[in-house]
Amino acid sequence: MPRIYLRPGSPVTQALLNVYQAFISAVGRLDKSLLPKDTLNRLRKHKLTWTDSIYLFHLASVAFWLPLMQVPGYPVKLLIPLLFAIALLVPLTSQFFLPASPVFAWLLLYYTSQFMPVTWRPTISVALLPALESVLYGANISDILTRFTHPVLDVIAWLPYGINHFVFPFVVAAFVWLFRPIEVLHLWARVFGYFNYAGVLIQILFPCAAPWYEIIHGLTPADYGMHGSPGGLLRIDRLFGGSGYTVTFSNAPVVFGAFPSLHAGCATLEALFVSHFFPQATRYVWAYAGLMYWATMYLSHHYLIDVVGGGCLAVLFFYLYLPDEFRNPAAATAQPAGSRAAPRSKYETYDLEAPFRGNAARRQMMVDPADFDLSESSQASDEEEMDIAYRSPIIENMPGIGKPSGDSGPGRGKRVSGSGRSHRHTASIASLIREGERGPEEGLFLSWRAAFPGRPSQRTRCGQ
């Protein structure tokens, strides 16, 4: 049965092959054990260091925020730490949940902050950010960018702000898992989780109104009983006839979290991380970050000072958590241990042009031996009758083999001349290519021919 390959050299084909091979290797590196005793044994052998004290911070964070959670209430919310503990005990899941504990800590903080008593909360600042914007930049940049709107601009701003912001962190994690060592994936989880945790904590301790509040309410004092607003994303809801963003932002846990902009900060962090570990994507990821900066202000969700604050916070956390061993570009772009590159076809290996059938639009590669058969003249020159694919190696210092003799027995082909230049170079390469298509029976037969070159035998074509 013929084997069919996609056309070699195609960028899309090569990319898909690389992803497939990386996925197979990544799955092979996983710990597939389901026994909790394996985790306990690993814990007994672990030597505690001062960096492990961060887990005490996680326990304290859970002990503080979980009792404040009102929805769900007791005893349902106790399932959260119980299920998380089970996930940590099973080796298959603990290799993901333990490094992702900073992300879960951030999500717990963000959600439960809405249940904080009002008496604990600081006063909301309404006029500080626009005043700083005017003092530092000479004008309200966000107000200038929102004076002209258009449906096309709305969609361009909506894609990074309303979709990619929630999807891109998973894309980065997936590519790091596939193409970089597992330590890089753990680094991404730590940096991303602690950065967002610190950002939400600043928003809680330093609440500030966003530009949409100034547009709707002016500079009137705000209170925690007010609902949020989708800002410019309201135009997206109207454009598509939905209310998803209106409902989501109206019930957001953190309503007055303008400073710092976590949308701009996450885009900056992703740009720093991707450009460091995947330098070939630097220009694209920074273009995405620049688009996000504009979208946050165009949609009336942040001032320029919020964007600058989020970007500075991202830079701080990235270089604070970047270990020394990954500061070297060679180490940052190293492949994971045991990874396999995409297999190259034999035509790429021997630098041959693959044969094609059909018109130029299809150009589907064929690897059928019958379609890629060689003529008699291409297999051997006029001076030799023996198929070069079945020619036994010439071993020196052995009688009857090392030197060509004039008396050749019946059925024995002519020896190649001592210069070895009579056969064509293309025929030797073709024989190497056809060698990969021999079956196991042919391989045994050819091994027998090589061991006993003097015995006559019927010439056999490869692939028939």
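The values are calculated or read from the model by the stated rules, or taken from the named source; none is laboratory data. Just so it is clear, the model here is predicted, and its values are computed rather than measured. All Cβ positions, even for glycine, are placed from backbone atoms using ideal geometry, and neighbour counts span all protein chains on display. Quick note on the areas: whole protein, heavy atoms, side chains included, nothing else; ligands and nucleic acids left out. Shrake-Rupley method; radii C 1.70, N 1.55, O 1.52, S 1.80 Å.
Close contacts from the range 280-303, counting a first residue that is over 20 Å from Ile216 (Cβ atoms) and a second that is acidic (Asp, Glu) and part of a helix (DSSP H, G or I), with Cβ to Cβ under 8 Å and a gap of 6+ residues or different chains, come to Val285/Glu270; Tyr288/Glu270; Ala289/Glu270.
Restricting the range 262-301 to residues that are of a type in the set (S, T, N, Q) and surrounded by fewer than 24 Cβ atoms within 10 Å (Cβ to Cβ) leaves a set whose member that is farthest from Ala209 (Cα to Cα) is Gln280. Within the range 118-152, the residues that satisfy the criterion of being open to solvent by 50 Å² or more (accessible area, probe 1.4 Å), in contact with a helix residue (DSSP H, G or I) (Cβ under 8 Å, 6 or more places away or on another chain) and either over 23 Å from Val200 (Cβ atoms) or polar (S, T, N, Q) (or both) are Leu136, Tyr137, Asp143, Leu145, Thr149, Pro151. Anything in the range 321-335 that is hydrophobic (A, V, I, L, M, F, W, C) and part of a helix (DSSP H, G or I)? List them, or say none. Passing the criteria: Phe326, Ala330, Ala331, Ala332. Inspect all residues belonging to the range 237-260 and state whether any of them is in contact with a helix residue (DSSP H, G or I) (Cβ under 6 Å, 6 or more places away or on another chain) and closer than 30 Å to Ala330 by Cβ. No, because not a single residue in the range 237-260 is in contact with a helix residue (DSSP H, G or I) (Cβ under 6 Å, 6 or more places away or on another chain) and closer than 30 Å to Ala330 by Cβ. Candidates are the residues of the range 135-157 that are without any contact (Cβ under 8 Å) to a residue 12 or more places away in the chain and in a helix (DSSP H, G or I); the one that is nearest to Ile236 (Cα to Cα) is Val152.
Residue check: Ser142 meets all listed conditions (1) modelled with pLDDT of 90 or more; (2) under 37 Å from the mean Cα position of the chain (by Cα) but one, namely (1). Restricted to helices (runs of 4 or more DSSP H) entirely inside the range 197-261, those with at least 2 residues that are touching a residue at least 60 places away in the same chain (Cβ under 8 Å), within 27 Å of Pro151 (Cβ to Cβ) and open to solvent by less than 60 Å² (accessible area, probe 1.4 Å) are 211-217, 233-240. Scoring Leu108 on the criteria (1) more than 30 Å from Ile182 (Cβ to Cβ); (2) out of contact with any Asp or Glu (no Cβ under 6 Å at 6 or more places or on another chain) leaves a single failure, condition (1).
When Pro72 is tested against the conditions (1) closer than 27 Å to Arg29 by Cα; (2) at pLDDT below 95; (3) open to solvent by less than 70 Å² (accessible area, probe 1.4 Å), the lone failure is (1).
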